[in-house]
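Visitor: Would you mind keeping the following structure in view while I ask a few things?
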Amino acid sequence: MKVADVMTRGVISIALTDSMNKAARLMLRYEMSGFPVMDRGRLVGILTEGDLLRRAEIGTECRHRPRWIELLLAPGRLAEEYAHAHGRKVEEVMTRNVVTVDEDAPLEEVVQLMERHHIKRLPVVRSAAMVGIVSRADLVHAFIVGSSKTAAAALSDRSICERLMATLDTEPWAPRGLVNVTVENGIVDFDGVICDERQRLALRIAAENIPGVKEVSDRRVRLDPGALAGL
């Protein structure tokens, strides 16, 4: 899937001169956790619910640090914190360096950006123009859609075994050479040794995701933390 397949179009935006009070009310009204900030059709920033955590109105601004720590901070940093906690307009509080993603980017890139920058949403751009937004909620929806498409015709026992072995050959966690696989009437039976109990669950999931698997048995798989040492 690409960003264009899952993104939300027709996104509600706010203006630079909108008040913080208005922005907060819009968040509650539309049950949104953030809005892009637009100026003359250009994306110039983003405002999120995280920007409302440290606010003077609710007494949560950064006022409780030891004095000696504040002496180590640059005046610019302290001034920025003050403006962020007391600013009354969106342009005074918003984040200006916005992380964006192209509409043709794969979802893997979206996840990487969200994890790297600790953010929940990304404005989607096309030739510098904003065309939508992709959020974690959109990824959840994509998961549901993707799950509904995974149904496929049941494979034969031989095909199940071949596909399972091919999957395990590509996974770095797989106990290759330590576990044998047999399949009979759609029942996958693992036999062998694992060096970490978490491998047991991963083996079951790898088998259960193959069409035609009715049951998975790992009763003959035993745990031996030193198993790799003998290879």
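Visitor: Given the residues Asp191, Asp218, Asp196, Asp157, which is the only one that is in contact with a Gly (Cβ under 8 Å, 6 or more places away or on another chain), of a type in the set (Asp, Glu) and over 30 Å from Gly34 (Cα atoms)?
Guide: Going through Asp191, Asp218, Asp196, Asp157 in turn, just one is in contact with a Gly (Cβ under 8 Å, 6 or more places away or on another chain), of a type in the set (Asp, Glu) and over 30 Å from Gly34 (Cα atoms): Asp157.
Visitor: Turning to a different aspect of this structure: Condition first: in contact with a strand residue (DSSP E or B) (Cβ under 8 Å, 6 or more places away or on another chain) and modelled with pLDDT of 95 or more. Now tell me which residues in the stretch 108-121 satisfy that.
Guide: Across the stretch 108-121, the qualifying residues are Glu109, Val110, Leu113, Met114.
Visitor: Still on this structure, please answer the following. Step by step: first the residues of the stretch 34-54, then only those that are surrounded by fewer than 14 Cβ atoms within 10 Å (Cβ to Cβ) and over 14 Å from Pro123 (Cβ atoms), then the one that is farthest from the chain's Cα centre (by Cα). Which residue is that?
Guide: Filtering the stretch 34-54 for residues that are surrounded by fewer than 14 Cβ atoms within 10 Å (Cβ to Cβ) and over 14 Å from Pro123 (Cβ atoms), the one farthest from the chain's Cα centre (by Cα) comes out as Arg40.
Visitor: Just give me the residues in the stretch 156-178 being in a helix (DSSP H, G or I), out of contact with any strand residue (DSSP E or B) (no Cβ under 7 Å at 6 or more places or on another chain) and under 20 Å from Ala227 (Cβ atoms), in sequence order.
Guide: Hits for the stretch 156-178 are Leu168, Asp169.
Visitor: Here's another thing I want to ask about it. Only one residue in Thr167, Thr100 is of a type in the set (Ser, Thr, Tyr) and under 20 Å from Lys2 (Cα atoms), so which one is that?
Guide: Answer to the selection: Thr100.
Visitor: If I ask for residues that are surrounded by 14 or more Cβ atoms within 10 Å (Cβ to Cβ) and either assigned to a loop (DSSP other than H, G, I, E, B) or within 33 Å of the chain's Cα centre (by Cα) (or both), which ones from the stretch 179-195 would you list? Talk me through it step by step, then tell me what you get.
Guide: Step one: filter the stretch 179-195 for residues surrounded by 14 or more Cβ atoms within 10 Å (Cβ to Cβ), giving 179, 181, 183, 186-195.
Val179, Gly186, Val188, Phe190, Ile194, Cys195 - these are the residues of the stretch 179-195 that are surrounded by 14 or more Cβ atoms within 10 Å (Cβ to Cβ) and either assigned to a loop (DSSP other than H, G, I, E, B) or within 33 Å of the chain's Cα centre (by Cα) (or both).
Visitor: Tell me, which residue of the stretch 84-135 that is outside any helix (DSSP H, G or I) and small (Gly, Ala, Ser) is nearest to Ile12 (Cα to Cα)?
Guide: Of everything passing the filter in the stretch 84-135, Gly132 is nearest to Ile12 (Cα to Cα).
Visitor: Next question, about the same structure. Hey, among the residues in the stretch 103-118 that are under 9 Å from the mean Cα position of the chain (by Cα) and crowded, with 18+ Cβ neighbours inside 10 Å, which one's farthest from Gly45 (Cα to Cα)?
Guide: Val110
Visitor: Return the residue satisfying two criteria in turn: it lies in the stretch 57-90 and is small (Gly, Ala, Ser) and surrounded by 13 or more Cβ atoms within 10 Å (Cβ to Cβ), and of such residues it is modelled with the lowest pLDDT.
Guide: The first filter runs over the stretch 57-90 and keeps only residues small (Gly, Ala, Ser), leaving 59, 74, 76, 79, 83, 85, 87.
Checking which are surrounded by 13 or more Cβ atoms within 10 Å (Cβ to Cβ) leaves us with 85, 87.
On the way: Ala85: 89, Gly87: 94.
Result: Ala85.
Visitor: Determine if the stretch 205-214 includes at least one residue that is closer than 11 Å to Ile160 by Cβ and touching a residue at least 60 places away in the same chain (Cβ under 8 Å).
Guide: yes
The values are calculated or read from the model by the stated rules, or taken from the named source; none is laboratory data. All values derive from a computational prediction rather than experimental measurement. Neighbour counts are summed over all protein chains in view; Cβ atoms, including those assigned to glycine, are modelled from backbone coordinates with ideal geometry.
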